[in-house]
Amino acid sequence: MSTTIIGLNTKQAENLSVSLNELLSNFQVYYQNLRGLHWNIKGKSFFELHVKFEEFYTDSQEKIDLIAERILTLGGTPLHTFSDYSELAKVPVGKNVTNDVEGVTLVVNSLSELLKIERSILEESDDANDEGTNSMMSDFIAEQEKTIWMLNAWLS
């Protein structure tokens, strides 16, 4: 069995890189959605949501970097073109969203899609004994579940 420099099965590490590139692509679309929401939100919730969307896109930017660096650690190459991102994206694209409820709903739906991908990667990384990826996915999942709960409370 061939192993990577960090001791993982080479084929499993390659497969994880592919999965993480799917997550990276979806995070990039999510990030762009958040930028658009931050810029375009209107109405009585403007001040509250303008700041919240900035908080979310700043956090997403950090996660994007972590995902790309994990792909590199596994020996892969992070995707970096919009065409690649569009091809792999499952996160809904929000264009010209100005309404508060529509914007928050877009974030909830996007996070739900990211969670599906992350849970799949969590299983895959567990099977590969890849604690680095496993830990990152666990952290992302716990944080995003709480964010969904909070946003759903806001929507109520």
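Put +1 on the Cβ of every Lys and Arg and -1 on every Asp and Glu Cβ in the chain; which of Ala68, Asn21, Tyr85 then has its Cα farthest towards the positive end of the dipole? After comparing all options, I get Tyr85.
Only helical runs count toward this figure. For the chain, summing -39,500 (n - 2.57) over DSSP H runs of n ≥ 4 and dividing by all residues gives -27000 deg cm²/dmol at 222 nm.
Only lysines eight or more places from Lys42 in sequence, or on another chain, were considered; those with a Cα closer than 19 Å are Lys52, Lys95.
Translational diffusion coefficient of segment 10-155 (Stokes-Einstein, Kirkwood radius from Cα pairs, 37 °C, 0.692 mPa s): 211 µm²/s. Our note on the geometry: Cα centres of segment 57-130 and segment 1-36, 10 Å apart.
Note on Glu131 and Val101: their simple-model spin labels are 4.8 nm apart, each label 7 Å out from Cα toward Cβ.
Exposure proxy ranking for His38, His50, based on other Cβ atoms within 10 angstrom of each Cβ and starting from the fewest, stands as His50, His38. Under 16 Å of direct C-alpha separation, and excluding same-chain neighbours fewer than eight residues apart, Lys90 reaches these aspartates and glutamates: Glu22, Glu113, Glu118.
Both radii were evaluated on the Cα set of segment 49-120; the Rg over Rh quotient, with Rh as the Kirkwood radius, amounts to 1.00. Converting the Cα gyration tensor eigenvalues of segment 114-153 into ellipsoid dimensions via √(5λ) gives semi-axes, longest first, of 23, 9, 5 Å. Largest GNM mean-square fluctuation across Ala68, Ala89, Ala142, computed for the chain with C-alpha springs under 10 Å, falls on Ala142.
Here, each number is a calculation from the coordinates, and none is a lab measurement. Being a predicted model, the structure only gives us computed values, none of them experimental. Using ideal geometry, Cβ is built from the backbone for each residue, glycine included, and neighbour counts are taken over all protein chains shown.
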